[in-house]
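The values are calculated or read from the model by the stated rules, or taken from the named source; none is laboratory data. It should be emphasised that the depicted structure is a prediction, and the values quoted were computed from it without experimental measurement. Positions of Cβ are backbone-derived with ideal geometry, glycine not excepted, and every protein chain shown enters the neighbour counts. Side chains are part of the model used for accessible areas, which takes the heavy atoms of the whole protein and leaves out ligands, DNA and RNA. Shrake-Rupley method; radii C 1.70, N 1.55, O 1.52, S 1.80 Å.
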Amino acid sequence: MDWYMMNCELLATCSALGYLEGDVYHREPDCLESVKDLIRYLRHEDETRDVRQQLGAAQILQNDLLPIMVQYPQDKVLFDAVIRLMVNLTQPALLCFGKVPADAASRHHFLQVLSYLQAYKEAFASEKVFGVLSEKLYDLLQLDWEQRQEEDTLLIERILLLLRNVLHVPPDPAEEQGVDGDASVHDRVLWALHISGMDDLLKFLASAQTEQQWALHVLEIISLMFRDQSPEELAALGQGQAADEHGEDTRELESLRQRELAEKRARVLQRPSRHSRFRGSYVLQGLKAIGDQDIIFHKGLHNLKSYSHDLGKEPRRVPRRRQAAPETEPPRRSARNVRLFLRHFCQDFLEGCYNRLMLLVKDQLVREKAQQHDETYYLWASAFFMAFNRRRGFRPELVSETVGVRAFHFIEQNLTAYYEMALMDKKEAATWARRMHLALKAYQELLRTVQEMDRSPEQAVRDSSQVIKSNIFYLMEYRQLFLTLFRKFDETKQPRSFLRDLVETAHLFLRMLERFCRGRASLVVQSKRVRRRRKKPLVAAAPAPQPPELEELWAALAPQLQGCLQGEVPLPEDMVPFDAASEVPVDEQRAAALLQIQGCLRDGRVPPALRLLRAARDVWPEGDVFGAPDAGPAEETRLLREILFAPLPQPAPPEAEEPEEEEEEEEEEETVQVSEKEFNFLDYLKQFACAPVVRALVLLLRGYERNSPRTNHCAARLLHRLARDLRMEALLFQLSLFATFHRLLSDPAAAAHQELVALAKFILGKFFALAATNKKAFVELLFWKSPAVVWEMTQGYGSLREGEGAVRSRVPPWTPQEEQELRELYWKYKEVEGQDVVAAILAQLSVPGRTRRQVVKQLVRLGLATSARDFPRDRKGTRIVLWTQEQEEELTRLFEEFQGSDDVLGSIMKHLTARRSRARVVEKLLALGLVAERKELYKKRRRKGQGPPTPGAAGAPAVPAQDSSAEDGDSEEDEEDDEEEDDEGEEGPMEEHGAPQEGAGGRLVYRLHREGLEGPLRWLQTCLRRTAGDREEDGASHPVPLVPLTEENEDAMENRRFRALLRQLGLRPPASEQESFWRIPAALTPQQLRRAAASITHRGPDPPGSPQGLLESPGCPQDLDAAAAQAPAGLGSDSESEDPVAVPSPVQPGTKRRRELDSEDEAMGSSGTEPAPAAPGSEEDEAEEPQPPGRRKRVRRVEEEEEED
């Protein structure tokens, strides 16, 4: 469509605006109505933005709207309408189309709208236009808030939006091809803005107490003003640095001149002595052609060095998905008068506005009053103005708002969030990478500012710097940040400028950390140690003793009891029958106390039993359940005897597994010990000795000619640390790096890169010295190497397996006899149907100690199998696939029998003859039509303490209905596959996670401690306390995700009991596919969070009771009716205390708010707290690599890899 052919109605509307005669614009009587009609047309344009394109082609803004605004500013209604229309017309193209279109037709419309915006920006480069806008804005700001109407506030916002839209228009590369120093369109707009006084109004808006609502608008406009500027160049302007700029240009020209002269000299030397038509032909010995003959060369000898087999071939086209990410526009040097104006603006802004504005902006970001991704302007402003202040005399008080531990935490939090989103949102990875680059630059400038504070002459500033460094060096998240970014660097998503800033920031961090350690005798950091041990097999519970046996036991206990009552035997002091933070109700804890006393008596431990009886009497004095308050020795003896003989329900033993479904390998349980240890800088540096770090540095050095001297120095220093400080020169024996060294050493301008030349000579010398003794070193050039490979290259291959190296392999090598035996056993059991080949081989191996994974891996190495997939492991609960007619009838009968019970599915699972998973049973019930939807199978929850009692033995208390979470924790479903866990996770309604349950924590915490999950529990506890502190300090509440960045925490998030604990604490699971992490809801108050954190504190072993529910109402032989007495009220506590307190009352879940992806501690899940990082330089740290969330089966994979190693 020809956009110059306007729609008839649109053309008539534009004609009714008026006409321009010379410099005077004559408006028509219907001018105001025509402007409103244009606004209405724009509101109903199609997806191609046809109305916008027609108005742009007709140049309505240049020829009509701007003259109307300039000549008729006194007409308030018309002026307001024209501003509204111009704000709409200058709206960024990205907002119009949502994103850059992929198809050609839509992209053409996008570029057309962009070209019209660039024409609008050129029209705005007028002092008259900005003069009118400045006067109108000044008049509006003069009004007090009592006099300011809603229309005035809207007009202020529209003027600021118009200014934002004009500055946001990108430059046209086809039109603006001038050199540095020329005035571009953006420079002319800035100069018009300065002449009109608009910059002073912006500074007033940033500093005025009554204009806080415009903070984000002002910050966005300022960021667009300085879009093309470099803070270092602006700071150096006017300080006698013009000679330095001239000297830098001179050095660059001199380098180019030296390179050109060297090329001329080479051409002179290569010139042949005779005419080029008689250059002759030559045979290149040792260089084969397509056949077996040597190559015949038909060109002059001066072209011999440039010969290659690839001459004349078409270069291979790089696919778009593998092309390097495009670089952002480099900063250009504006006209000198514009730079001077911007420098003065920076000085005034720092002195009067910066701290206040950044405080307001961060407050709006924390309270979620800003739009999405507005934190990028905050990150840019932090980096830009701190850099300007650092280069302009460095006054730390001017940037105090963005310097501190909280600033580090905020930047690291956003940087990690962008990193996580770049891994998950593959389509927008490039966009997230740009945001990550902004956060990295802010982090880098924050480190430089702290470094500059060390050089301050004021002692208070230096002390503040030491406090900041001690905090960031103590926490693991800051130390592991650069390793994570190096390992996940992708040149197709992240530009070279990101890699440059990453290398410079990592170099700065390492230098600061090294100096910080050097100035101290020792540096203490947190560390954790993971200990693994074999789980003991579960032993079935012994049968209940008979009355004759109990009589004999009581007779044996009588003398000991008499001694305890007379005070001859001391009683223990640590026996506590009641836990205020336990999830078990008070009534059930009384029943558990009875079981605990009975257990102590039957084990022959009289002092603990007597101590528990007296303690329980103090806790529950009502009803004389544990005797009267003034009970004497005779009554206590009678009570103990009756408790010993009472047939109390004992905890049910776990069901024995069928022998054919047992795992071949014993499971291991992990115990995490968190402690503080002395930090070793070299051990931390060893974590950088890995292939991803070296690959990134080599990639950066590939363009050493384009790099700045600072960048080359940082890259060379990092490589020098790896090669010299760690004595791992072989880590740099890489062919791509050697190719860069070859170009460097043959470069005529190599004198400008002396540091790189020295590094190249050092590495090459070490390589040829090694190649003299190890001929395989030339082959090793083709591969990236790890520290283990480096050790074998230098110390001899196989030295690690023989125990000669620093690390000895835990996997014993296979001898030829064992390999032969393995072959024979494989061929023997290969053809046996229905039998696990690997299990049979493991049973017949003569040498014990081999694991299933080792056998499978050796079979693959010997060529007997193609991969480990040829030997699938039998999974529990999946052997029975088809349902027989008898099984379907049994399922129908069980459903009809338990249809009215509280837990239909749980009852069916208990009585099924054939073991099946919950997911399969639910699917079959749906297929048979017995239930219409999954909700009908949910466990019906009733208030605690009101469940119907189950009749027990005579004189014994009743047993309440089992809790579904406890049943899930101890039933056979712990061994089900991941798919079944996912199905069960989707069954529960979301409303159950709105508020913490009463008493959440105790029993599940004890079970999780027994499973070795102390570390994840501490991480969860720290997250809750940190979130509570943040909400008390900031006064705002928003959902906070729990991001497990260590494999241990990821494994815990897959644990069913751990997820049940999260639900009971009131945490919310992912609401949709767009969310990947559990979240702490915004509705939880700081007091509730502290109580929840205190409730998961491990208080020691819990009373021996049934894993699937404790006794509901305690009873004793003397008075069973007293068991139903009312329990005392919960204990009160201080809301600020972190000790276990009474359970909090549930709160109503708050409304759902906008969710953020927020990354927490790598070790503890929350930055800014004290996590439990792994010991620096440990194997866990070297092998640890953050993985995308959602990966399953991590525990089994980690265990098998450790067994293999």
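Scan around residue 18 for amide H atoms under 5 Å from its own, H built in the peptide plane at 1.01 Å from N, and keep only partners 5 or more places away or cross-chain.
28
In Å², and per residue, what accessible area does segment 388-456 have when probed at 1.4 Å with the other protein chains present? Write out the running numbers ahead of the final one.
Details: 2490 Å² over 69 residues.
Dividing the accessible area of segment 388-456 by its residue count gives 36 Å².
Taking θ as phi - 60°, what are the ³J(HN,Hα) couplings along segment 1048-1059 by the Karplus curve (6.51, -1.76, 1.60), each to the nearest whole Hz, with x for Gly and Pro?
Taking θ as phi minus 60°, the curve returns 5, 6, 4, 4, 5, 5, 8, 6, 5, 5, 5, 5 Hz for segment 1048-1059.
Can you give the Kirkwood hydrodynamic radius of segment 76-179 from its Cα pairs, in Å with one decimal?
Every distinct Cα pair counted, the radius reaches 15.5 Å.
To the nearest 0.05, what FRET efficiency results for residue 555 and residue 1010 with a Förster distance of 51 Å applied to their C-beta separation?
It comes out at approximately 0.90.
Pairs to check: 369/427; 686/785; 99/427. Give those whose C-alpha atoms are more than 18 Å from each other in this structure.
Cα-Cα > 18 Å for 369/427; rest within.
Can you flag which of 121/203; 441/493; 441/488; 76/121; 493/776; 203/362 are past 29 Å Cα-Cα?
Details: 121/203 23 Å; 441/493 17 Å; 441/488 18 Å; 76/121 24 Å; 493/776 35 Å; 203/362 18 Å.
Over 29 Å Cα-Cα: 493/776.
When the Karplus curve 6.51 cos²θ - 1.76 cosθ + 1.60 is applied with θ = phi - 60°, which whole-Hz ³J(HN,Hα) does each residue of segment 380-389 get, with x for Gly and Pro?
Result, ordered by residue: 5, 4, 4, 5, 5, 6, 5, 5, 5, 5 Hz.
Can you send over the carbon and sulfur percentage of the accessible area for segment 78-215, probe radius 1.4 Å, protein chains only? Could you put the intermediate results ahead of the total?
Details: 3200 of 6320 Å².
Reported share for carbon and sulfur atoms: 51 percent.
With N set to the residue count of segment 32-78, report its C-alpha Rg divided by 2.2 N^0.38 Å to two decimal places.
1.26
Report, to the nearest whole %, how much of the accessible area of segment 355-488 belongs to carbon and sulfur atoms, 1.4 Å probe, protein only. Intermediate values should be presented prior to the final figure.
Working: 2280 of 4780 Å².
It is 48 percent, rounded to a whole number.
What list of ³J(HN,Hα) values in whole Hz, one per residue of segment 626-639 in order, does the Karplus curve 6.51 cos²θ - 1.76 cosθ + 1.60 (θ = phi - 60°) give from phi, with Gly and Pro shown as x?
Rounded to whole hertz, the list is 9, x, 6, x, 9, 5, x, x, 5, 5, 5, 5, 5, 4.
Pull out the extension gain between residue 149 and residue 292, defined as 0.36 nm times the separation in residues minus the alpha carbon to alpha carbon distance; nm, one decimal. Let's see the in-between values first.
Numbers: separation 143, 0.36 × 143 = 51.48 nm, distance 9.17 nm.
My answer for the length gained is 42.3 nm.
Under the 0.36 nm per residue contour assumption, what length would be gained going from the current alpha-carbon distance of residue 44 and residue 638 to full extension? Walk me through the intermediate numbers first.
Values: separation 594, 0.36 × 594 = 213.84 nm, distance 9.00 nm.
Contour length minus Cα-Cα distance gives 204.8 nm.
Return the ratio Rg/(2.2 N^0.38 Å) for segment 361-467, where Rg is computed over Cα atoms only.
1.16
Keeping all protein chains in place and using 1.4 angstrom, which order do 1085, 1046 fall into by accessible surface area, from largest down?
Order by accessible area, largest first: 1085, 1046.
Accessible area, 1.4 Å probe, largest first: how do 148, 107, 721 sort?
So, going from the largest accessible area down, we get 107, 148, 721.
Work out the FRET efficiency for residue 936 and residue 427 from their Cβ-Cβ distance, taking R0 = 45 Å, and round it to the nearest 0.05.
It comes out at approximately 0.70.
Give the accessible surface of segment 1-53 per residue, rounded to a whole number of Å², with probe radius 1.4 Å and ligands, DNA and RNA excluded. Walk me through the numbers on the way to the answer.
Details: 3370 Å² over 53 residues.
About 63 Å² of surface per residue is accessible.
Principal axis lengths of segment 703-791 from Cα atoms, whole Å, largest first?
35, 24, 19
For the pair residue 487 and residue 713, how long in nm is the line joining their label points, each one 7 Å along Cα→Cβ?
Taking the two extended label points, one gets 3.1 nm.
Find the Rg to Rh ratio for segment 392-444, where Rh is the Kirkwood radius over alpha-carbon pairs and Rg uses the same atoms.
Across segment 392-444, the Cα-based Rg/Rh ratio is 1.13.
Ignoring ligands, DNA and RNA, what percent of the 1.4 Å accessible area of segment 728-793 is carbon and sulfur?
Whole-percent figure for carbon plus sulfur exposure: 69.
To the nearest 10 square angstrom, what accessible area does residue 643 show with a 1.4 Å probe?
Approximately 10 Å² of residue 643 is accessible to the 1.4 Å probe.
Once amide H atoms are placed 1.01 Å from N in the peptide plane, what residues at a sequence separation of 5 or more from residue 1040, or on another chain, have their amide H within under 5 Å of its amide H?
1080
Whenever you get a sec, line up 861, 343 from highest to lowest accessible area (probe 1.4 Å, protein heavy atoms).
In descending accessible area the options line up as 861, 343.
At q = 0.18 Å⁻¹, what is the base-10 log of I(q)/I(0) for segment 1010-1071 according to the Debye formula with one equal point scatterer per Cα and no solvent? Please give it to two decimals.
-0.69
Let me check the size of segment 453-525 from its C-alpha atoms; what are the radius of gyration and Dmax in Å?
14.9, 46
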